[in-house]
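A quick write-up on the structure given underneath.
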Amino acid sequence: MKAVLSCARRFLIGIYFPAVLFLCTSAFPGSTAWGENAIIINSDLATGIYSNADAFISYRYMRHIWAANDGVMAAAVQKGGLQGQGLVLYKTMDEGLHWTLEAPLASDVDIVSDGIMDTNNNILLVTSFLSENRTVDVNFIRMRYDSSSHSWTKDPLTPVTVVNSGANYRGTRASLAMDSKGIMWCAFRLENIQNSTFQIRAYYSTDGGSTWTDSKNSFGTINKLAQKCAKVIAVDSRIAMIYQHVKMNGSLQERYKVWAYREDSQPLQDMWTSNPIAKMTDPTGDPYGSHWSVAVDDFGNMHLSYEDYGINYLKYNAAAKTWASPKTATNEGNYSSISVAANNDLYLFAKNQQGMKIIVRRYSSFSHTWDPWVSVSSQNYSGTLRMSSPERFAGHLPLLYQVESSSPYQLIYNLLDTAF
């Protein structure tokens, strides 16, 4: 009866939105109750958004899509010079059926962004370069939201430089978070150009992004290994950082996932507590140290997925104050994205065994069990299928992913109804 009611509800939606693709009986063949509940509202919907940039919605640990509390969604993408555009913001007012260009963010065709949405639906972003072959500043941008017009416009006082890259140092691969006191934190990879060494650093802003201060904290071993990335994230009354750490042990390169944190009540230049999470075993996977995703639930638990001979998952248990051992989520694939629902259920996206479709599975916060993988894509695609989903969502869960093997790359949209 539940499945029939779901089909009837989707049929009514289809009357008003003909572009909605709903495969009630075939989207998840042979599925359990999980498959009946995880209904695809929009499947394989072409957004009309194209790019010449291979880093269309990169990196994986960065966030590129957000939903305002009135249902309007926005996505930051790099167009790579297509149509004369660089980093831009798109929006949709009908849950992904139609996307429109909202605003340019930056003209540079090689930079990427990470961002958060604040309680007023403003989008706060940091932009940065990915590699070591150009000197580009790390900048902060605020996109202010107008609830009456349902639109975002760039704050004229931004961009503001967070890290000035020059002849001696370069800041790259930046991420952003805001703590419970409203202080913003930016983590980034810092390269010493003179001796070609890399480390992770963190800056903070106490005035809404107008000025930024070095916390004087360095994370990981300072060495010549460039495969370092970091994501700052708000966790209750603390700021945490997940980062990729690389070091040499004799002639062998060792790679680790590490976390660091500070309590929001600490002085801003206090030392952070830092501990390893997991040692990676695949010597060739995740060549940039960026193939991972992290999200936080309402209980302060952190959920991390990362590439290591497929996709691994592990959880920080806030009550026990410990990280669990990593478990294999799937033996295949390199990209993943994690999202947490309003009821604290977890949704993990990855690629299927052939690497031509996106699949998803749910972790129930009530039963503490994983449901089977089900397919989001209804057809095969070529290309990397780099994916992006929001860290947190309510009701409907959006997913964007990049297809095509060569430029122009296309952005495909899907929408899941997780409310049941």
Check off (1) within 15 Å of the chain's Cα centre (by Cα); (2) more than 16 Å from Asn301 (Cα to Cα) for Gln410 and give me the number that stays unchecked. (1)
State which residue pairs qualify: first residue touching a residue at least 60 places away in the same chain (Cβ under 8 Å) and inside the range 160-173, second residue in a strand (DSSP E or B) and crowded, with 24+ Cβ neighbours inside 10 Å in any location, beta carbons under 7 Å apart, and separation of 6 or more residues or different chains. Arg173/Ser128; Arg173/Phe188; Arg173/Arg189
A careful count of residues in the range 352-378 that are small (Gly, Ala, Ser), in a loop (DSSP other than H, G, I, E, B), surrounded by fewer than 20 Cβ atoms within 10 Å (Cβ to Cβ) and at negative phi gives 3
Considering residues that are farther than 19 Å from Ala177 by Cβ, in contact (Cβ under 8 Å) with a residue 12 or more places away in the chain and among the β-branched types (Val, Ile, Thr), the number found within the range 279-298 is 1
Checking Asn120, Asn133 in turn, the sole residue that is exposed (fewer than 14 other Cβ atoms within 10 Å of the Cβ) and either assigned to a strand (DSSP E or B) or touching a strand residue (DSSP E or B) at 6+ places or on another chain (Cβ under 7 Å) (or both) turns out to be Asn120
Across (1) closer than 23 Å to Ile233 by Cβ; (2) among the hydroxyl-bearing types (Ser, Thr, Tyr); (3) at pLDDT 95 or above, Ser405 clears everything bar (1)
In the range 188-211, is there at least one residue being hydroxyl-bearing (Ser, Thr, Tyr), touching an Asp or Glu at 6+ places or on another chain (Cβ under 8 Å) and in a strand (DSSP E or B)? yes
Would you tally the residues in the range 44-98 being surrounded by fewer than 19 Cβ atoms within 10 Å (Cβ to Cβ), at positive phi and assigned to a loop (DSSP other than H, G, I, E, B)? 2
Which residue is farthest from Asn331 (Cα to Cα), if the candidates are limited to the range 352-379 and must be β-branched (Val, Ile, Thr) and touching a residue at least 40 places away in the same chain (Cβ under 8 Å)? Val376
Does the range 145-153 include one or more residues that are assigned to a loop (DSSP other than H, G, I, E, B), free of Cβ contacts under 8 Å to residues at least 24 places away in the same chain and on the phi < 0 side of the Ramachandran plot? yes
What number of residues in the range 219-269 are over 20 Å from Thr172 (Cβ atoms), free of Cβ contacts under 8 Å to residues at least 40 places away in the same chain and not in a strand (DSSP E or B)? 5
Looking for something without any contact (Cβ under 8 Å) to a residue 12 or more places away in the chain, more than 18 Å from the chain's Cα centre (by Cα) and under 26 Å from Ser364 (Cβ atoms) - is there at least one such residue anywhere in the range 302-321? yes
Sole miss for Phe349 among (1) under 18 Å from Tyr59 (Cβ atoms); (2) part of a strand (DSSP E or B); (3) of a type outside the set (Asp, Glu); (4) touching a residue at least 60 places away in the same chain (Cβ under 8 Å) is condition (4)
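The values are calculated or read from the model by the stated rules, or taken from the named source; none is laboratory data. Being a predicted model, the structure only gives us computed values, none of them experimental. Cβ: placed from backbone, ideal geometry, glycine included. Neighbour counts: every protein chain shown.
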